[in-house]
Amino acid sequence: YLKNIVTDFLAYARKGALDPRAVEVAPYLEDLAALIEGDAAQRRVTVALDAAADAPVMLADPEKLRRALLNLTRNALQAMGEGGTLTLSSSPVVHRGAPAVRLCVRDTGEGMPPEVVREAFTPFFTTRERGTGLGLAFVKKIADEHGGDVQIESQLGAGTMVSLVIPAPPEPAGAPS
């Protein structure tokens, strides 16, 4: 437990420069699904993938983004306990007037009350007995570093969806629109 606290704190506090590059969404989500398949199977959770074919390429640091998404999938698996569906999806969006990709992690777990949703990104806020309260704060930090956004939609008894918006690379000068 102490190791988790230290690891989460260091990840949250670390100021590493982003290493952004063009990342294709569908293969990226497929790799993420493969990474969590074992944990999901142990919990009898089905992993569904819904990567939009028309999603633009993301401009992201693949490692930092993977850590953020693994935090979200870990939370989703914990919220479901035994059984359910974890859906990883993507869709093209416009964020701050520019093309972006929305990555969503949706679970069929217990959901969160509104007061928990409001505090979810606050560092050290947790509802779990052995939680550090840094997982979602770290996800928000990664979204901010990318110039993106993160939002939570939750309904008690129906589950939670966390959306992470990551910008697409700018169009090269002279490229057709």
Selection over the stretch 32-49 where residues are without any contact (Cβ under 8 Å) to a residue 12 or more places away in the chain, loosely packed, with under 12 Cβ neighbours inside 10 Å and of a type outside the set (S, T, N, Q) yields a count of 3
Check your understanding: Going by the conditions given, is Ala120 buried (at least 21 other Cβ atoms within 10 Å of the Cβ) and without any contact (Cβ under 8 Å) to a residue 40 or more places away in the chain?
Key -> yes
query: Can you find even one residue in the stretch 87-109 that is open to solvent by less than 20 Å² (accessible area, probe 1.4 Å), in contact with a Gly (Cβ under 6 Å, 6 or more places away or on another chain) and not polar (S, T, N, Q)?
result: yes
Here the residues within the stretch 103-124 that are part of a strand (DSSP E or B) and either at pLDDT below 95 or more than 14 Å from Val139 (Cβ to Cβ) (or both) are Arg106, Asp107
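The values are calculated or read from the model by the stated rules, or taken from the named source; none is laboratory data. Computed from a predicted structure; not experimentally measured. Every residue, glycine as well, gets a Cβ built from its backbone with ideal geometry; the counts of neighbours run over all protein chains shown. Calculation scope for accessible area: heavy atoms of the full protein, side chains included, ligands and nucleic acids excluded. Shrake-Rupley method; radii C 1.70, N 1.55, O 1.52, S 1.80 Å.
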